[in-house]
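What follows is a short report on a single structure.
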Amino acid sequence: MPRRVVLDCDTGTDDAIAIMLAAARPELDLVAVTAVWGNHAVEHTADNSRRVLDLIGRGDIPVYAGRGAPVDPPKGAPASKGSPEADVLPLPPPTQQVESRDAVEWLVETARASTQRFTLVPTGSLSNVASAVAADPSFVEAVDELVVMGGVIDRDGLLPDIETNVGNDPEAALRVLDAGFDRLTMVPLDATYRATVTVEQCATLRTVSRAGAVAADFIEQRIERYRRLPAMAGRAAAPVHDALTIAHLVDSTVVTLQRASVRVHTGDSPTRGRTDITVGTGDVRVAVDADASRFFDLLHESLAQL
Ligand code: RIB
Ligand code: CA
C-alpha cells in the first residue's frame, strides 16, 4: 500500500519539485497539498501549488491554503524577507480552484477522521503544523512521521546562520518540536547542500518530460543565485532543499540520519531563528549527510514518469 503523504509547503521552485516528486512516485499517495506562507504570501504559494499539480496532470489532488503569518511572534520581530524568486511560478494559471476550507482546519479534521495514519512533510514555515497542534494536541497521533525541511548545523561555517523555514516562524518550530510527534525527522541545510544538482544534470532532466524541462528551468534559476554563495565554492550547482525530504521517504539511503537534540532560538533574541543541533543523542532524527548521485537518479527516474 502506498504511504499516505500530505505536503505542507510554501511553493517556490524547490517545493514545486518536491510536489512533482511526491506525485510521481508509486510508493507514495499524495493526498493533499496544504499551503503556508514563506517564500511568498500564502495566496501565491497555494496558487503555485495548483499550477504545479496541473502541469503534471494531477488537478485531482486538492490544495488548501493555511496560515499567512507566524503564529506568535514577539513585538518588533523582523518580517521575513521572502524569496528573491517571482511570486508566481511561470506556469499556466490553474484550472482548478484552491479549496475553500482552511488548511489547518482540514489537517485537524482529517487527523480526527483518519483510521490510517499519514506522513506530514512541512517544507515551508511551520505555522500550519503548529496551529494544527494548538487546535488539537492529539493531532500528532495521526502522523506516523513528520519530515521537516528545516534547520542548520553548519559545522564548516559556510552555510547561512539561520535556515528560512525555522527562521520565518521560530515559535512555531519550537511548538512542533515539543508536540510529541512519534517520529520526527529533520532535513537541515547541511544535508540539502550535499545533494546539489548541477547544470549538466539539468540538461539531462530537460530531455525526460515536460515536467523534467520545467524542473530543469527552476533548478537553473536556482543555480544562478546559489553559485555565488561561499558554500558552492564557484560550482554551477544548487540545492533543491524540499525535494530531498521526499527522496528520503522513497529511499531511506538517500540521507544519513543520526539522533540529535534540537533547540530553536525564539523571542526577540538577536539569534532568533537559529537552531542548535547536538548530534549523538536526542529524539529527533537529523539528516547529517546526503548521497547526491542517488538523489539525482531518483529525481531523474521520477520526472521521467510524469
Ligand atoms: O531554507 C530552505 C527552505 O526555505 C526551502 O524550503 C525553501 O523553499 C524555503 O522555504
Ligand atoms: Ca519551501
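Structure data summary
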quantity: Near pairs, Cβ below 6 angstrom, 6+ apart or cross-chain, from the range 234-259 (closer than 14 Å to L28 by Cα) to any residue that is of a type in the set (A, V, I, L, M) and part of a strand (DSSP E or B); calculated: T245/V121; T245/V147; T245/M149; T245/V187; H248/V255
quantity: Restricting the range 1-13 to residues that are surrounded by fewer than 24 Cβ atoms within 10 Å (Cβ to Cβ) and in a loop (DSSP other than H, G, I, E, B), the residue that is farthest from ligand 1 (Cβ to nearest atom); calculated: M1
quantity: Yes/no for T115 being within 18 Å of V5 (Cα to Cα) and either within 16 Å of ligand 1 (Cβ to nearest atom) or over 20 Å from the mean Cα position of the chain (by Cα) (or both); calculated: yes
quantity: Unique match (being under 16 Å from W37 (Cβ atoms), among the charged types (D, E, K, R) and modelled with pLDDT of 95 or more) among D182, D87; calculated: D87
quantity: Pair list, Cβ < 6 Å and 6+ apart or interchain, from the range 32-50 residues that are farther than 21 Å from K81 by Cβ and within 13 Å of ligand 2 (Cβ to nearest atom) to residues that are of a type in the set (D, E) and assigned to a strand (DSSP E or B); calculated: T34/D8
quantity: Residue list for the range 270-300, filter: closer than 26 Å to G212 by Cβ and without any contact (Cβ under 8 Å) to a residue 12 or more places away in the chain; calculated: S293, D297
quantity: Residue identified as under 20 Å from S49 (Cβ atoms), more than 14 Å from ligand 1 (Cβ to nearest atom) and not acidic (D, E) among V208, V214; calculated: V214
quantity: Residues of the range 96-135 satisfying the condition of being assigned to a strand (DSSP E or B) and either touching a residue at least 60 places away in the same chain (Cβ under 8 Å) or of a type in the set (A, V, I, L, M, F, W, C) (or both); calculated: F118, T119, L120, V121, P122
quantity: Selection status of S83, under 15 Å from the mean Cα position of the chain (by Cα) and in a loop (DSSP other than H, G, I, E, B); calculated: yes
quantity: Residues being farther than 19 Å from L303 by Cα and of a type in the set (D, E) - total across the range 182-237; calculated: 3
quantity: Residues within the range 195-216 that are in contact (Cβ under 8 Å) with a residue 40 or more places away in the chain and in a helix (DSSP H, G or I), tallied; calculated: 8
quantity: Whichever residue in the range 14-49 is in a helix (DSSP H, G or I), within 13 Å of ligand 1 (Cβ to nearest atom) and hydrophobic (A, V, I, L, M, F, W, C) and, among such residues, is surrounded by the fewest Cβ atoms within 10 Å (Cβ to Cβ); calculated: V42
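Table: residues versus (1) within 15 Å of ligand 2 (Cβ to nearest atom); (2) within 17 Å of the chain's Cα centre (by Cα); (3) not hydrophobic (A, V, I, L, M, F, W, C).
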position	(1), (2), (3)
S125	yes, yes, yes
A130	no, yes, no
V143	no, yes, no
D156	no, no, yes
I162	yes, yes, no
R175	no, no, yes
T185	no, yes, yes
D190	no, yes, yes
R194	no, yes, yes
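The values are calculated or read from the model by the stated rules, or taken from the named source; none is laboratory data. The structure displayed is predicted, hence computed values, not measured ones. For neighbour counting, all protein chains shown are included, and Cβ atoms are generated from backbone atoms with ideal geometry for every residue, glycine included.
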